[in-house]
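As structure tokens, the structure follows; a few thoughts come after it.
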Amino acid sequence: MTIPSWVPIREELRDEQPYGAPQIDVPVRLNTNENPYGPSAEAAADIAAAVQAAALELNRYPDREAWALREGLAAYLGHGLTADRVWAANGSNEIMQQLLQAFGGPGRTALSFAPTYSMYPEYARNTHTRWVAGRRREDFAIDIPAAVALMEAERPDVVFLTSPNNPTGTALAAGELRAVLDAARGIVVVDEAYAEFRRAGTPTALELLADHPRLVVTRTMSKAFALAGGRLGYLAADAAIVDALRIVRLPYHLSAVTQATALGALRHTGQLLAQVDALRTTRDETAAWLAERGYDVAASDANFVLFGHFADRHAVWEGLVDRGVLIREVGPPGWMRVSIGTPDEMQAFRDALQEVDPR
Ligand code: PMP
């Protein structure tokens, strides 16, 4: 796609493509790290009742500060957090964009370590923030001396760290996080979209918030909470950082329907998160099966597994689609990512992979 010349789009955007994984209608969709288990009928009914109540007041603007929701999210996160230290938006995608609107911008620099979430450079582009990508090591860990040297050279205003990282699934060790925090002069964003899936003993950056006022930890209800369709992302940070984001947010950015949905989901936290343990187990089984078959498998703390290597990954991807299984062609050349589905879906994935790529 190219935007035609009569459309006066910014020139640097003319040949860009809209971001997104292919939405192909196949029986087994394991390509966007969704939770395969939807809300229970009871949770869905409660969410629907909350939305019904909100609908009766849709003539009014919603609570601009989403205060009740932020209180609920703070209680869920724990770590002594309060609503003034939590902020919410339409997916953590919007959170990241707001962060760059407030802390990036012309003359400013954002930095991350690739391979990582491919939306970060797009937020940078959209906010006219200079983008710098360092490299992760071969095992996808952060190379601490190289990272510190790059930060000293580039002096980023915002550093994005992703833990567990997408698409690799690897989590940061406490030492990696502390080294980056010590070297940073600006904001450090730790994107913990997949935090609930991490293995026992893997740290969360929430523990470091109290000692690091420029640390921001982002989360989402899209993954573990099985609420990707609800579009609710959030962050925890110092209250002054939250105030900075309130400057750039659109008025009433979180609709009354979104707030009611997310609050309804929070009332059913137990049920919605109940499958996280099962997904972790299935992830570990999937990783072990792939390794037994001779694939390289990145250590995953998330609800997906990155595996390789394929001489022609596109051909394998197509072969899987032909068999009704959709995974993601993403990551360094030769690697692919499979999201963790139900045991039946993973069986379908294994069967299809064995047919397409017999080893
Ligand atoms: N961060 C990471 C690392 C992700 O993988 C994703 C979703 N794929 C997001 C943020 C955004 O998620 P959402 O906007 O649904 O909260």
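Some observations on this one:
- Separation between Cα centres of segment 157-225 and segment 51-111, rounded to whole Å: 18 Å
- The chain: relative contact order in percent, alpha carbon pairs under 8 Å with at least 6 residues between: 23 percent
- Of the residues 101, 52, 271, the one that moves most in a GNM of the chain with alpha-carbon contacts below 10 Å is 52.
- Cleavage-rule hits (chymotrypsin sites (Phe, Trp or Tyr not before Pro)) in segment 207-298: DSSP loop, at most 15 neighbouring Cβ within 10 angstrom: 252
- GNM result for the chain, Cα springs below 10 Å: residue of 22, 62, 39 fluctuating most strongly: 22
- About the Cα centre, charge dipole magnitude for segment 53-267 (Lys/Arg +1, Asp/Glu -1 at Cβ), debye: 340 debye
- Neighbour-limited loop hits for trypsin sites (Lys or Arg not before Pro), segment 193-250 (at most 15 other Cβ within 10 Å; DSSP other than H, G, I, E, B): 199
- Using the Cβ-Cβ distance between residue 71 and residue 247 with R0 set to 22 Å, the FRET efficiency works out to roughly 0.50.
- Helical runs assigned H by DSSP (4 residues or longer) give the chain a calculated mean residue ellipticity at 222 nm of -11500 deg cm²/dmol, each run adding -39500 (n - 2.57) before division by the residue total.
- Cut-off of 10 Å, at most 12 other beta carbons, DSSP loop: longest stretch of the chain lacking such GluC sites (Glu not before Pro): 139-359
- Percent RCO, i.e. relative contact order, over segment 90-145, from Cα pairs under 8 Å lying at least 6 residues apart: 36 percent
- Chymotrypsin sites (Phe, Trp or Tyr not before Pro) restricted to DSSP loop in segment 136-222 with at most 15 other C-beta within 10 Å: none
- Considering only beta bridges that DSSP places wholly inside the chain, some 45 percent are antiparallel.
- Normalised by the number of residues in segment 53-267, the average gap of Cα pairs under 8 Å and 6 or more apart makes the relative contact order 27 percent.
- Compared with the rule-of-thumb size 2.2 N^0.38 Å for a compact globular protein, the chain has a Cα radius of gyration ratio of 1.00.
- Here segment 3-119 is treated as a Stokes sphere of Kirkwood radius computed over C-alpha pairs; at 25 °C and 0.890 mPa s its diffusion coefficient rounds to 128 µm²/s.
Where a number appears in this text, it was derived from the coordinates with a stated rule and is not lab data. Model, not experiment: these values are computed from the prediction. Using ideal geometry, Cβ is built from the backbone for each residue, glycine included, and neighbour counts are taken over all protein chains shown.
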